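**Student:** Attaching a single structure in structure tokens format; questions to follow.
Values quoted throughout were computed directly from the atomic coordinates according to the rules given, and no laboratory measurement underlies them. Small disclaimer: the values here were computed from a predicted structure and weren't measured. Reconstructed Cβ throughout: ideal geometry from the backbone, glycine too, with neighbour counts over all protein chains shown.
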Protein chains: 2
Amino acid sequence: MEEQQMLALAQEVLSTPRNPRQEVQALQDTIYVVGGKWRLPIINSLCNGNKRFRDIERSIPGITTRMLSRELKEMEANQLIKRTVTPDTPVLVEYTPTDYCHSFGSIILEMIRWGKAHSEHLKKAAD
Amino acid sequence: MEEQQMLALAQEVLSTPRNPRQEVQALQDTIYVVGGKWRLPIINSLCNGNKRFRDIERSIPGITTRMLSRELKEMEANQLIKRTVTPDTPVLVEYTPTDYCHSFGSIILEMIRWGKAHSEHLKKAAD
DNA sequence: GTTACCACTATCACAGAGTATACCAGCTAT
DNA sequence: ATAGCTGGTATACTCTGTGATAGTGGTAAC
């Protein structure tokens, strides 16, 4: 990415809203799509290079096999991920994020940034 | 904000993760705090300048008085907003976002960006 | 005097998100 | 052979976030 583009992005990101109606709709759409406790952590895990069921499971504290299984199925149906089975022995199942899936990257990064800042905030407040 | 700072921000936003353990924790913390259907739309509405109960309500499609009331109360308890009562006649109640509340700005903007891009995506797919 | 706005609160009810636990078939290393 | 890995399913349960509906007390306009 070029410097110019990055500046433009930063400016757009930081600009003030223009059309509240449209923007609240966009916001609610996004909340609907990434809603729930597990979508974004799963996408994050996949984008971090985890491909196999148990690896993804282990990378997300607190998730159960049931929830992971359910979410992966739904995300495959929604074209967010691709499931590939290699029928060697032993069988290998791999989940890979699609381009569409990668489009959540900025949201996830902002949320990680916020979470880190928040924990710093709590540390300081503990003094 | 200076150009230098903005560039640094853009670079940080777009950088690849380093510490997956810490980052997944930060992500889950954030999801916990902004979880639910209404938090972010309410914060967005407040940041757009809405102060009064009915104004906020009207600015968020689908929300009920009950949910708005509940969320506002909890957000006040969590120092996200300030509630000010002016006991003139008629009584005036105003909700204003705290600095802490403003810290969600980047997340909201990214989600609005995603939502807009998503609707463009759907329009194109309709062809 | 009745309609309507403001700022809510109360009660009831429910789907479905999420949890807990157990289990399965197939493979593999010891 | 038995313990452990992989990639899941099945069953049962909780629980809470959310929705629907109604109502309150005060003010003000027509």
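**Student:** List the number of the failed condition for A:LYS116; all other conditions in (1) more than 12 Å from DNA strand D (Cβ to nearest atom); (2) closer than 21 Å to B:LYS37 by Cα hold.
**Tutor:** Of the numbered conditions (1) more than 12 Å from DNA strand D (Cβ to nearest atom); (2) closer than 21 Å to B:LYS37 by Cα, the odd one out for A:LYS116 is (2).
**Student:** Turning to a different aspect of this structure: What's the total number of residues in region A:46-76 that are farther than 13 Å from A:GLU94 by Cβ and out of contact with any strand residue (DSSP E or B) (no Cβ under 7 Å at 6 or more places or on another chain)?
**Tutor:** So the first thing to find is which residues in region A:46-76 are farther than 13 Å from A:GLU94 by Cβ, and the list is A:47-48, A:57-71, A:73-75.
If we keep only those that are out of contact with any strand residue (DSSP E or B) (no Cβ under 7 Å at 6 or more places or on another chain) too, we end up with A:48, A:57-71, A:73-74.
Total satisfying the criteria: 18.
**Student:** Something else: (1) within 10 Å of DNA strand C (Cβ to nearest atom); (2) within 14 Å of another protein chain (Cβ to nearest Cβ): which one isn't true of B:ILE42, the others all being true?
**Tutor:** Looking at each condition in turn, B:ILE42 falls short on (1).
**Student:** When you look at B:ILE81, is it more than 30 Å from A:ARG58 (Cα to Cα), at the interface with another protein chain (Cβ under 7 Å from one of its Cβ atoms) and within 16 Å of DNA strand C (Cβ to nearest atom), yes or no?
**Tutor:** Numbers: more than 30 Å from A:ARG58 (Cα to Cα): yes; at the interface with another protein chain (Cβ under 7 Å from one of its Cβ atoms): no; within 16 Å of DNA strand C (Cβ to nearest atom): yes.
So B:ILE81 does not fit the description; no.
**Student:** A further question follows. Taking region A:45-71 only, how many residues are within 16 Å of DNA strand C (Cβ to nearest atom) and either surrounded by fewer than 12 Cβ atoms within 10 Å (Cβ to Cβ) or of a type in the set (Gly, Ala, Ser) (or both)?
**Tutor:** The first filter runs over region A:45-71 and keeps only residues within 16 Å of DNA strand C (Cβ to nearest atom), leaving A:45, A:52-71.
Of the ones still in play, those that are also either surrounded by fewer than 12 Cβ atoms within 10 Å (Cβ to Cβ) or of a type in the set (Gly, Ala, Ser) (or both) are A:45, A:54, A:59, A:61-62, A:64-66, A:69.
Number of matching residues: 9.
**Student:** Inside region B:59-112, can you point out the residues that are more than 16 Å from DNA strand D (Cβ to nearest atom) and among the hydroxyl-bearing types (Ser, Thr, Tyr)?
**Tutor:** Listed by number, the residues that qualify are B:THR84, B:TYR95, B:THR96, B:THR98, B:TYR100, B:SER103, B:SER106.
**Student:** Identify the single condition in (1) touching a helix residue (DSSP H, G or I) at 6+ places or on another chain (Cβ under 7 Å); (2) within 16 Å of DNA strand C (Cβ to nearest atom); (3) under 20 Å from B:LEU27 (Cβ atoms); (4) not basic (Lys, Arg) that A:GLU74 does not satisfy, given that it satisfies every other one.
**Tutor:** With respect to (1) touching a helix residue (DSSP H, G or I) at 6+ places or on another chain (Cβ under 7 Å); (2) within 16 Å of DNA strand C (Cβ to nearest atom); (3) under 20 Å from B:LEU27 (Cβ atoms); (4) not basic (Lys, Arg), A:GLU74 is out only on (1).
**Student:** Return the pairs, sorted by first residue and then second, in which the second residue is among the small types (Gly, Ala, Ser), the first residue lies in region B:63-83 and is within 13 Å of B:VAL33 (Cα to Cα), the beta carbons are less than 9 Å apart, and the residues are 6+ apart or on different chains.
**Tutor:** These pairs meet every condition: B:GLU71/B:GLY36.
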